[in-house]
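J.: What follows is a structure written as structure tokens; I'll ask about it next.
The values are calculated or read from the model by the stated rules, or taken from the named source; none is laboratory data. Fair warning: this is a prediction, and the values are worked out from it, not measured in the lab. Here the Cβ is made from the backbone with ideal geometry for all residues, glycine too, and neighbour counts use every protein chain on show. Heads up: the accessible areas ignore ligands, DNA and RNA and are worked out on the full protein's heavy atoms, side chains in. Shrake-Rupley method; radii C 1.70, N 1.55, O 1.52, S 1.80 Å.
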Amino acid sequence: AVKKEVEALGAALKRLRPEERDEKLRREFRPKSLEYSALVDAQLNESQRRELFREVVRRQQGAMVFLLPGVPEELELTAEQKTKLYSIVEETRRSINFDNLYSPIELAKLLSRSNAARKAATALLTPEQLAKFQALIAS
């Protein structure tokens, strides 16, 4: 039931215009993601939660990784760093044509922009924060 609900939400998101997408993300996706997170969290012990957290962080592309729940706290990001990270993420998001993500050209652009955003975000970290992040994503 949850899988079908997630697929339906994802399909609905793809059909929206960019200006509608933000509102839908805030209004529907965010509450659902918290609900699903609580369901998963209830099934895991602390060691499993930590490993899931690390795996999610490892797989995330771009600068968004630094704003995932738990990452700013793990890295002890400052308010200024978070503000700059939000700007990088928003700038990257605005540059992406979400209506055409099935195009290989658009996917290549997305990957290139994600890599550039990740590089810009990483440059904001102190050496200590960078070391913590590298330890977090190490296999």
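J.: Using Cα-only point scatterers and the Debye equation, what is log10 of I(q)/I(0) for the chain at each q in 0.10, 0.16 Å⁻¹, rounded to two decimals?
T.: Summing over Cα pairs of the chain leads to -0.40, -1.05.
J.: What chymotrypsin sites (Phe, Trp or Tyr not before Pro) in the range 60-108 are in a loop by DSSP, with at most 13 other Cβ atoms within 10 Å of the Cβ?
T.: Here the sparse-neighbourhood loop sites are 102.
J.: Can you run phi through the Karplus equation (6.51, -1.76, 1.60; θ = phi - 60°) for the range 69-81 and list ³J(HN,Hα) in whole Hz, with x for Gly and Pro?
T.: The phi angles translate into x, x, 6, x, 5, 4, 8, 6, 5, 7, 4, 5, 4 Hz.
J.: Within the chain, what whole-number % of the accessible surface is contributed by carbon and sulfur, with the 1.4 Å probe and all protein chains included in the calculation?
T.: Reported share for carbon and sulfur atoms: 58 percent.
J.: Could you order 94, 58 by accessible surface area, starting with the largest, using a probe radius of 1.4 Å?
T.: 94, 58
J.: Give, as a single signed number, the net charge of other residues whose beta carbon lies under 11 Å from the beta carbon of residue 2, with Lys and Arg counted +1 and Asp and Glu -1.
T.: Cβ neighbours under 11 Å give a net charge of 0.
J.: Would you compute, from DSSP H runs of 4+ residues alone, the mean residue ellipticity of the chain at 222 nm, taking -39500 (n - 2.57) per run and dividing by the full residue count, rounded to the nearest 500?
T.: So the helix-based figure for the chain works out to -22500 deg cm²/dmol.
J.: Place +1 on the Cβ of every Lys and Arg and -1 on the Cβ of every Asp and Glu in the chain, take the dipole about the Cα centre, and give the residue among 36, 86, 105 whose Cα lies farthest towards its positive end.
T.: 105
J.: Once the whole set of protein chains is in place, how much accessible area is left on residue 95, using a 1.4 Å probe, in Å² to the nearest 10?
T.: 50 Å²
J.: Another question, if that's okay. Between the range 36-63 and the range 90-139, how far is it from one alpha carbon centroid to the other, in angstrom?
T.: If you average the Cα positions of each part, the centres end up 19 Å apart.
J.: So what are the ³J(HN,Hα) numbers for the range 49-61, from phi and the Karplus equation (6.51, -1.76, 1.60; θ = phi - 60°), rounded to whole Hz, Gly and Pro as x?
T.: After applying 6.51 cos²θ - 1.76 cosθ + 1.60, I find 4, 5, 5, 5, 4, 4, 5, 4, 5, 4, 7, 6, 9 Hz.
J.: Separate question: Enumerate lysine pairs in the range 9-139 that are 8 or more residues apart or on different chains, then count those whose Cα atoms are under 21 Å apart.
T.: Here the count comes out as 10.
J.: Right, here's the next one. What percentages, rounded to whole numbers, describe P(r) for the range 75-123 computed over all alpha carbon pairs with 5 Å bin width beginning at zero?
T.: 5, 21, 26, 20, 13, 9, 5, 2
J.: Whole number in Å², please: accessible area per residue of the range 32-129, 1.4 Å probe, ligands, DNA and RNA not counted.
T.: Ligands and nucleic acids excluded, the result is 65 Å² per residue.
J.: Another one. Would you look at the GNM of the chain, springs on alpha carbons closer than 10 Å, and say which of 85, 77, 39 moves the most?
T.: 39
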